[in-house]
Every structure is written in C-alpha cells, then in structure tokens.
Amino acid sequence: MSGIDQPGAVEAQPLLSVVVPMYNVESYLPECLDSILGQSYRQVEVIAVDDGSTDATGDIARDYARRDERVRVVAQENAGLGAARNAGARHATGRFLAFVDSDDTVPAGAYDRLVTTLLETGSQLAVGAMEELIDGRYRVPAWLVPIHRQQRLGVRVDEAPDVLHNAFAVDKVFVRTFWADAGLAFPVGVYYEDHVPMTRAYLTARAIDILPDVAYRWRTRSDGSSITQRKHELRNLVDALAAKQEVNGLVSRTTAASTVRHWHSFMFDDLRPYIRQVANASDEYWSTLRDGVRSLLDRASGLNLADVAVRVRLMVWLVAQDRRSDVEALIARLQDGASRPALVRQDGRDVLHLEGLVGPGAPVPAALFDLAPSDRQLRARLVEVVRPDPSSVRLTGWVQLIGVCDRPVTPTLSLRLRDRHSVAAEVSVAATLQGTRSGGLESPAPGAPPAWEFAVVVSLPEQPAEWTVDVVVELGDVTVAGPFTGISRPARSVVGAPTDGRPGLALSWHPGPGLVLTGCSETA
C-alpha cells in the first residue's frame, strides 16, 4: 500500500525536491507546474529556476509561489539548461530529487510510484518509462519499450545493461544524498547534458529500480527547436560525439565485457540520424562525423561489429573509410521502397544483398553484410480475441519474421506470459500454426519475410498478475520473440471491453507493451 493511502500519511512522506529549469516557456509552464503540484505524492518542493527568461515565465512562476508554498523561485542570468539544473539541485532539501523540463509534464501518480518503490527497496535511483508526443498522441518510443516492459528492482547496471539507453534525467527519482555523494552534476553549455551524469549515476549506483510505469511525458516542440530535431547542425553533432566519447570511456572502464558490447551496439546505432544528414551536409560536418566515428571505432578496439545492426554497421564502416559517396548511395538505397536491399541465404548465413552499392573503392569486407541478432524482429498482429470461459482466452492472429530468410523447416510458435512486476514469473503456452507464408498477407511477394497464421488458447495462471504477452517463433536455428505489434479493429473492440461480471480476466492494449492480460484464473 502506498503511503498516501494511509491516514495522516502526507506528513509522513519524505520530501521530494523537483527541479524545474525555465527559459521563455510562458506557453507551457502552467501545465508543467500543475502536473507536479497535482501529483498524488503531495510532499514535494518545486524549485523553479528562472534562467534569465525574457518573457512572462518568471512572473508565472512567482504567481505559483504566492499561491502554493511548495513552490520556490530561484532567478539567475541565462546560463543554459545544465547550469539551471545544477542551481536547482543545490537548493534542494528533500530526501529525494527529480528533474522536470518546463515544457513537459508528469503523469498522475508517477512520483508516488517511484518514491514508494525506492522506500521499499532501498535502491538509490528509480527510472520509469517516458511517453513522447508522436503524431498528436503520447506513446512510449519503440526503442524504450524493451527497457520498461518488465519491472526489475535492486539491479546493478551489469544485470540490466539496456538501462544505459535511457539517458534522460527527467524520468527518474534519485536519493538526494546519493546524487551529492556521487558528485553528479550536469555539464554546462553543451547539448546532451544528460548523457554523462546519467551514465555516472547508473555505474555508481549499488541498486537501480527499473519500472514499467510511465513517469514522464515529453513534448517535442512544433517549432523544431528541440535538440533532437537539430541533428543537421554542426554543433549538435560535435556535442553528441563528445558525449559518446566520454560515456564510452566510462562504460569501458567500469563494466563487464558483456555490458561494453551492449553499449557499443547502441552507441553506433545512435549515430544513424547523424549519418543520414550527409547528403545535404557541409564538408566540415562530414569531416567531423568521419573523425568522430574513427575515434569511436579506435576506442572500441576489439569490438565485434557483428553485434551492430547490419545497415548501421555498413554506414559506420563506410564513414570511417571516408567514402561519402558510398554512404549517400547506401542511404538512398535504404530509403527507396522500390529497390530496398533484399536478404539472401548465403553459405548458411542470412546476409544483406547490396549488389552494385559501392563505388571504385576497396571492397567491403563480406562479414559486414551478415545480419546481427538485432536485425531480427517479429511483426505480430492480433486478429481475434474470444473468451471461451472466464479463466482463459483464445487468441488468433498472424506473425511475420523480419530479418530472417525462410528455411525449409516447420516453425514452432508459443506465447510467453511474463508478470510485468516480477521477472521470475513466466508461463509458456504452445500455439497451433494454421498456415504457412500467409499470415493474413495477400499474395506475399517473392522474397517477402516468412509469415504464418496461428491460434492459441491461454489459460491464465492461478496467481493474480499483470501479464505481458510475447510471441516466440523458432525457425530452424533462429528464435525471435516480441510483443504483439498491431491489433485489428474487431480484436480491439474486445480488448478493454467490460468483462460482463466475469472477474477472472481483463485484457488491455498498450502501444509498446502490446497485449496485457490482468487477473488470474477464476478458480484460483
């Protein structure tokens, strides 16, 4: 039970200090502050740092401070986001510390969940998922979904290396003494100021809580002023490369070899948006990118590039070889829907076929065309949901393997139910394949990824839980697993609908985690 559900619990709650740096956000600030002050976790102090705003931002914050004693305003000359966050942290007095950017919001109940978890586990930081405003709708970005599908409490970074991908400061709550004792602070005057201190926090913490709950809502501004929208700018590239160099050094010196390999794979994949700018980039941008990639490759000596997605691996190698025209040709080929590179089975390997890609330079090593494990993905669509009885559900749909060449073997398919709040609880359910190379796809083109229809009856485990559903396909030497990535309109009408008084089961659909079954067998 949360502390706020108990009589007189507000006074018993430890104080949470929330730092809100502000610069010319008069249009966004009220919604931001309302989302913090309206949290179910009431024992908060909001430290609003006015970083030299020239609009009404400071006046709005001071008005909030007059109306709510939990708000304090700190004013300073404009020094940038990192400096404003550092100033707010110095003024914090709470047992816990959080950061919120003033054009974003915190969803209801987020801080209650994060702080309560830290009080229960004794961990030094808790990290939740983040929703981004995409096409007018908030959803968890695809790359964040795997990190937050399951709850993992009290882990170290080597036990959960994927958490390094979540380098945001704003979807976390820290124990404030941990923040101070670790000497954590944000660099000043640079982009991507989160990356290095968040990496230091992960590497220093003796225990981290990773939650599936959404803890933050991130607004990408429509005026294109967000840092992530300006990757074409030279300064953006310079700061991104510098941050990656420093993080790479930290991870390489202090973590297990498996964590280093995991980080390297993500690090190079994160360069893809910058490489895609080269067609319209200046010579200075290109030379900066080339030298930065070379330096990262040199520092990652001994790295097995087989862990890096094949398309990224090729881009990175060509950039390091100073083959700009070949990079541009590869990008154009990947973006051309009519002539996208095909996968072929060659000498017992799945490889990317890019005949005629490169110019007169030295040949590209054949191993660079081998598919990486991360290239293999699963596309699964839920077509129909039927409840034959209160404690079970019949699911039908189709599944397609991406990044896998077909094999002359019969595939096997199963569903894996995992308790979102307990990594130990897992149930596997066998499924029946109903067809081959169809999967609801009419007249699949030659060379199209293999697909199948399936049907399965899931009897819910007896213990109550919130179960995520993974589809697992084994095709010869390859196993690919993942959540349902789509749902048909008829199935959606059943998922989330009232259960007609049958308490054994509830189904819900979430962009990212996919299908979630909540409840237990009615006979339990």
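The values are calculated or read from the model by the stated rules, or taken from the named source; none is laboratory data. No experiment lies behind these values; they were computed from the predicted model shown. Reconstructed Cβ throughout: ideal geometry from the backbone, glycine too, with neighbour counts over all protein chains shown. Protein only, heavy atoms only, side chains kept; ligands, DNA and RNA dropped before computing areas. Shrake-Rupley method; radii C 1.70, N 1.55, O 1.52, S 1.80 Å.
Of note:
- When the stretch 100-150 is reduced to its Cα atoms, the Kirkwood hydrodynamic radius in Å: 12.6
- Computed label-point distance, nm, for sites Gln335 and Gln245 using a 7 Å Cα→Cβ extension: 2.9
- Placing unit charges on the Cβ atoms of the charged side chains and taking the dipole of the stretch 1-137 about its Cα centre, the candidate lying farthest along the positive direction among Ala65, Thr105, Met22 is Ala65.
- Ala205 sits among other residues whose Cβ lies under 14 Å from its own Cβ, and their net charge, with Lys and Arg +1 and Asp and Glu -1, is +2.
- Gain in span if fully extended, Asp181 to Val427, counting 0.36 nm per residue against the direct Cα distance: 84.4 nm
- At full extension, Arg294 and Arg62 could sit 78.6 nm farther apart than now, given 0.36 nm per residue minus the alpha carbon distance.
- Förster-model FRET efficiency, 41 Å R0, Ala207 and Val386, C-beta, rounded to 0.05: 0.40
- For the chain, accessible area per residue (1.4 Å probe, heavy atoms of protein chains only), Å²: 43
- Efficiency of FRET from Cβ geometry, Asp477 and Ser27, R₀ 45 Å, rounded to 0.05: 0.25
- Within the accessible area of the chain (1.4 Å probe), percent carbon and sulfur: 49
- Label selected from (i) 0.95; (ii) 0.98; (iii) 1.06, the criterion being Rg/Rh (Cα atoms, Kirkwood Rh) as computed here: (ii)
- Other residues with beta-carbon under 11 Å from the beta-carbon of Val457 carry, at +1 per Lys or Arg and -1 per Asp or Glu, a net charge of +1.
- Förster-model FRET efficiency, 25 Å R0, Ser40 and His91, C-beta, rounded to 0.05: 0.55
- The slack in the chain from Asp307 to Asp347, taken as 0.36 nm per residue of separation less the alpha-carbon distance, amounts to 12.4 nm.
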